[in-house]
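The values are calculated or read from the model by the stated rules, or taken from the named source; none is laboratory data. As the structure is a computational prediction, the values presented were derived from the model and not from experiment. Here the Cβ is made from the backbone with ideal geometry for all residues, glycine too, and neighbour counts use every protein chain on show.
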Amino acid sequence: MADNFTEKQARSLSPLTLAFFGDSVYEVLVRERIVKDGSKPIHALHDMAVKKVNAGFQSFASEHIESLLTEDETEIFKRGRNATGSNVPRSSNPKDYHRATGLEALFGYLYLSGKTERMNELFNIIYDLELPKK
């Protein structure tokens, strides 16, 4: 990893830029956890990742951690959630997609500003969540 951004530098990035980067950070964390659980057929690994890396799950997860966020983290999350300029995929509803974008912006911010311990703390809470059965 290159030198961290300062908090000010990370904050100065647009929320969609933070989300663009945070999307990859979040996915790597999910894939790393899945692989640490042991070798499995590729299709099983993919299916496990898709359950955690999608707008519906990320929206659900953001609802569970929102009360745990600091004031600064809440601001970053809300900036990402409220950002405009991206089209909502047909596979998602707007509310879930925007909340997922907020979560991704938060993960991008935490990673870039070197707050990986906090990022991992929040990720550990998220990863253990299960979507309720419909």
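Each row is one residue, and each column tells you yes or no for (1) modelled with pLDDT of 95 or more; (2) of a type outside the set (Gly, Ala, Ser); (3) within 10 Å of the chain's Cα centre (by Cα).
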site: Lys78; (1), (2), (3): yes, yes, no
site: Gly85; (1), (2), (3): no, no, no
site: Lys95; (1), (2), (3): no, yes, no
site: Leu103; (1), (2), (3): yes, yes, yes
site: Arg118; (1), (2), (3): yes, yes, no
site: Asn124; (1), (2), (3): yes, yes, no
site: Lys133; (1), (2), (3): no, yes, no
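Taken as a whole, the structure places Glu104 among residues that are acidic (Asp, Glu), touching an Asp or Glu at 6+ places or on another chain (Cβ under 8 Å) and within 26 Å of Val35 (Cβ to Cβ). The residue of region 4-31 that is nearest to the chain's Cα centre (by Cα), among those that are surrounded by fewer than 16 Cβ atoms within 10 Å (Cβ to Cβ) and either of a type in the set (Gly, Ala, Ser) or modelled with pLDDT under 95 (or both), is Ser24.
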